[in-house]
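Please treat every number below as a calculation from the coordinates, not as lab data. Not measured: the values here are computed from a predicted model. Cβ: placed from backbone, ideal geometry, glycine included. Neighbour counts: every protein chain shown.
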Amino acid sequence: MAQVGPKCDGCKLEYTPERVALIIRECGHSICTDCAKKAAYDYYDHYLHCPHCSLPSVINGNLKRLHTNFSLIKFVSEIAKIREELEKAEVPEVPPEIID
């Protein structure tokens, strides 16, 4: 199934219940935990740059300064439920005369 949900500005992968979105305080954009760790590592854990707008955010070695985006997590969970329902739904077969 194609990715249709919100994606991390860093890795461009769709958020999932496992790929959690963190809010960058200075600009309000979100990135996943993996991208936040990588970005912080790139700058010796002192700060990270938002991959969307490049605004620096001071973290001083503490990623807990980036708060979880609970609204986005809820939205992603709702998308996952809808996908499950769609996968379970029976799709009627198209009669051959319609295809021709």
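The GluC sites (Glu not before Pro) of the range 29-100 meeting both criteria, a DSSP state outside H, G, I, E and B (loop) and at most 13 other C-beta atoms within 10 angstrom of the site's C-beta, are Glu90, Glu93. Under a model in which nothing but the beta-carbon of Lys, Arg (+1) and Asp, Glu (-1) is charged, the chain shows a dipole of about 840 debye around its Cα centre. Near Ala21, the amide H atoms lying under 5 Å from its own belong to Asn69; only residues 5 or more places off or on other chains count, and H is placed 1.01 Å from N. What number comes out for the charge environment of Cys27, summing +1 per Lys or Arg and -1 per Asp or Glu over other residues with Cβ under 14 Å away? Neighbour charge sum, excluding Cys27 itself: 0.
Note on the range 1-89: lysine pairs with Cα distance below 17 Å, sequence gap of 8 or more or different chains, count 7.
Over the range 1-87, Cα pairs under 8 Å with separation of 6+ residues give a relative contact order of 28 percent. Footprinting exposure proxy ranking of Phe70, Phe75, fewest other C-beta atoms within 10 angstrom first, gives Phe70, Phe75.
Think of the range 1-89 as having a plus end and a minus end, set by charges on the Cβ of Lys, Arg, Asp and Glu; of His46, Ala80, Cys8, His46 sits farthest toward the positive end of this dipole. Each residue of the range 21-38 is assigned a 3J(HN,Hα), and the resulting list reads 8, 10, 8, 7, 4, 5, 10, x, 6, 10, 9, 6, 4, 4, 5, 5, 4, 5 Hz, derived from the Karplus form 6.51 cos²θ - 1.76 cosθ + 1.60 (θ = phi - 60°), x at Gly and Pro.
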